[in-house]
Each structure stands twice: as C-alpha cells, then as structure tokens.
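The values are calculated or read from the model by the stated rules, or taken from the named source; none is laboratory data. This is a predicted model, so every value here is computed, not measured. Glycine gets a Cβ as well: all are built from the backbone with ideal geometry, and neighbour counts include every protein chain shown. These accessible areas exclude ligands, DNA and RNA; they are computed on the full protein's heavy atoms, side chains included. Shrake-Rupley method; radii C 1.70, N 1.55, O 1.52, S 1.80 Å.
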Amino acid sequence: GQTPLVLDTGNNETLSFYNDSEQWMIKSAEALHLTSNGVSTGGIYIDGDICHVGIGGDTSPVGILTIKSRLNDTLGQRSESALNINTTGASNSHGAISIGKDTGNYSAVAIGFDTTSATGDTLGDLVFATRNVTTDTQPTVRMRIDSSGQVGIGGTPNGAHMHIFANMDNSSSW
C-alpha cells in the first residue's frame, strides 16, 4: 500500500496522510488547503496572506469566512444547507447568530430560531433582537415571524398577518 505519511517539498509543498482507503492532504503555497481522498476541490481553504477561510470548495474567499454550498435543491434540507445552527430542541431553546463586540456575555444583536414546541422535529419562530443600551445586557426581540407566517414588530403577532406595536409593552398598535 501507500506510505502512511508523504512530504513533498517540491513545487506542490504537500503533506499527505494515507490509510488503506483514504488520503488527506495539507497543501501550502501561501495558503493552507485541507482536502480528503486526494480531491483538489472541496474541503477547507485558508488564504495565508489575508487570513480568509473558504469552506466547501471556495478557494477564493472574499470575506473572512465564505461557505459555498455544493447542493441547493431543497430549501431547509439540512444535508444541503451551507450552515446548520442547532438547538437542544427543548421549548424556549434558541439557535442564533450573534453580532456585536467580542467582549461581555451578550451580543448587541441576535437573529435566531425560538423553539415554541418541542414536539416531533420542533416548531418555532424566526426572531430579530437588538438592545438599546451600551451595557452588557441581553438583546430584546424586536421583530418576530411566527411559524404561521405572521409578523409582529415591537411585540408578538396577534392574529393579523402583520402587527406593528407602537409601545414595546404591547399596549397599543398602529
């Protein structure tokens, strides 16, 4: 079989690992490209000059992190998603993307999934939360799209397709 470890110090600058059925490569030429089975596409690509990371075959990441989805036939199918953010599945559990300064316990903004039912494969709402203070406090949900498609801005949807609350305490709307 193959030698378990091969270092190519020529033009390819490749370190390859082998077992009986697979090959993994670490390739460097001002970038680090991690692939499996000797395939030059896919995997993880790290551009050493600008510290950008490409996942899923993107070898020219334009942002700090670029994820390229190889499949895109079915919206919501986990195996075809570029990114999955999961919850525990318990009611009131959240899966979120947090945005803000990298200090403190809470981010200033969160976009997430609020689990409203833990039955079966769960049910929940898409929520958008911000905070209106500069202290390290949890952001407040400002907009919610519930599982039936109703939208509430400033409060929880109340049966209308869209409900905009004038006061954050749900006391009046317009």
Those residues of region 87-109 which are closer than 11 Å to residue 130 by Cβ and β-branched (Val, Ile, Thr), in sequence order: 99, 109
Write out, first by first residue and then by second, each pair whose Cβ atoms fall under 7 Å of each other, whose residues are 6+ apart or on separate chains, and whose first residue, in region 118-138, is within 16 Å of residue 98 (Cβ to Cβ) and among the polar types (S, T, N, Q) while the second is open to solvent by 90 Å² or more (accessible area, probe 1.4 Å) and outside any loop (DSSP other than H, G, I, E, B). none
Please specify each residue of region 67-110 satisfying the condition of being touching a Leu at 6+ places or on another chain (Cβ under 8 Å) and either within 20 Å of residue 142 (Cα to Cα) or assigned to a helix (DSSP H, G or I) (or both). 79, 80
Selection from region 42-90 of residues that are within 30 Å of residue 116 (Cβ to Cβ) and in contact with a Phe, Trp or Tyr (Cβ under 7 Å, 6 or more places away or on another chain): 87
One residue from 125, 114 being acidic (Asp, Glu), touching a Gly at 6+ places or on another chain (Cβ under 8 Å), open to solvent by less than 60 Å² (accessible area, probe 1.4 Å) and modelled with pLDDT of 85 or more: 114
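Return yes or no: is residue 157 under 15 Å from residue 112 (Cβ atoms) and open to solvent by less than 60 Å² (accessible area, probe 1.4 Å)? Full working, then the answer.
On the way: under 15 Å from residue 112 (Cβ atoms): no; open to solvent by less than 60 Å² (accessible area, probe 1.4 Å): yes.
It is false that residue 157 is under 15 Å from residue 112 (Cβ atoms) and open to solvent by less than 60 Å² (accessible area, probe 1.4 Å).
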